[in-house]
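Working notes, beginning with the structure itself.
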Amino acid sequence: MRSAATERLYRIVFGTDTRAGKVFDITLLWMIVISVVVVILESIPRLSREYRSLFFSLEIFFSVLFTVEYILRIVISPNPFRYIRSRLGIIDLLGILPFYMSMFAVGYHYLIVFRFLRMLRVFRILRLFRFVRESEQLFAALRASFHKIAVFISFVLTIVVLLGTLMYVVEGQENGFTSIPESIYWTIVTITTVGYGDITPQTGLGKWIASVIMLCGYAIIAVPTGIVTVEMTRRAGSIGKKPCANCGHNNEEQARFCNYCGTQFTETPQQ
């Protein structure tokens, strides 16, 4: 049995329906913002030299604070493993891991900026449920499009390897294409229309191949966008619809029979 104090603490930490809960979450968000700003300012060489000890002290303070908060959430949660595996639980963990990783490798503490992902809680705090639903629809569309996008990326990787190798053969080391990996790198930045310009083809055939790669880049960028857009449009069209248990097609909420297979709906439609 959970004590009344634990239940009250759980309502404050995880909920937003009490004044104490709102104060806790808003204070937490300000702590997140300040800690991220500290890390950003520390990356500036002049400030890092002048205020090194201050930045270090603040990092320890915020990291210990968020570690205690993370442990507290685990302790008071009715299902600790469910919280640990949840999206917010993983984000909370990412917010404190970089500090402890920096004890073994220099520079990892800058990854504390991942703590800014915890600002997603602002939607829950301000009860912006409409934005939450929209984000859930976006993630659902991405999940539904995963296999199509995976096939597309595999196709792109194949094209990139083939064209990169071809450019290595055509241009050669004397023109900057010193290896096949280097040529593949050039193909990727060209096909994505980034084009750093550190390597450029010099032969006529190489320029012609580069032109084809650039033109293909526009089509390649449009494909995944179209896949996700179609899936989002399909899902948006199903909102407010009644799915048929027999054929799976969507019908109007007031429908008594499926418009596609004629199956009668068992529930009585609301008038």
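Residues in region 55-71 include none that are in the same structural domain as I112 (by TED's automatic domain parsing), among the β-branched types (V, I, T), under 22 Å from Y110 (Cα atoms) and in contact with a helix residue (DSSP H, G or I) (Cβ under 7 Å, 6 or more places away or on another chain). Just one residue in the set L93, L88 is modelled with pLDDT under 90, closer than 16 Å to D25 by Cα and of a type outside the set (V, I, T); that residue is L88.
Restricted to region 74-109, and to residues there that are surrounded by 17 or more Cβ atoms within 10 Å (Cβ to Cβ) and more than 23 Å from the chain's Cα centre (by Cα), the residue that is farthest from L9 (Cα to Cα) is S102. Number of residues in region 1-41 that are farther than 15 Å from V75 by Cα and touching a residue at least 24 places away in the same chain (Cβ under 8 Å) equals 15.
Of all positions in region 198-219, none carries a residue that is on the phi > 0 side of the Ramachandran plot, part of a loop (DSSP other than H, G, I, E, B), in contact with a helix residue (DSSP H, G or I) (Cβ under 6 Å, 6 or more places away or on another chain) and at pLDDT 70 or above. Report whether or not S183 is under 32 Å from the mean Cα position of the chain (by Cα), assigned by TED's automatic domain parsing to the domain that holds A219, polar (S, T, N, Q) and surrounded by fewer than 17 Cβ atoms within 10 Å (Cβ to Cβ). No, not satisfied. Quick check, is T190 at pLDDT 75 or above, not assigned by TED's automatic domain parsing to the domain that holds F62 and not in a helix (DSSP H, G or I)? In short, no. Only one of the numbered conditions (1) under 35 Å from the mean Cα position of the chain (by Cα); (2) farther than 30 Å from I149 by Cα; (3) at pLDDT 80 or above; (4) not small (G, A, S) is violated by N175, and that is (1).
Taking region 2-68 as the region of interest, the helices (runs of 4 or more DSSP H) fully inside it that hold 3 or more residues being surrounded by 14 or more Cβ atoms within 10 Å (Cβ to Cβ) are 4-14, 19-42. If you take the residues in region 163-180 that are in a loop (DSSP other than H, G, I, E, B) and in contact (Cβ under 8 Å) with a residue 12 or more places away in the chain, which one is surrounded by the fewest Cβ atoms within 10 Å (Cβ to Cβ)? Restricting to residues being in a loop (DSSP other than H, G, I, E, B) and in contact (Cβ under 8 Å) with a residue 12 or more places away in the chain, the top hit is G176.
Look at S43 and say whether it is more than 22 Å from M119 (Cα to Cα), of a type in the set (S, T, Y) and in the same structural domain as R118 (by TED's automatic domain parsing). No.
The values are calculated or read from the model by the stated rules, or taken from the named source; none is laboratory data. Please read these numbers as outputs of a predicted model, since none were measured by experiment. Cβ: placed from backbone, ideal geometry, glycine included. Neighbour counts: every protein chain shown.
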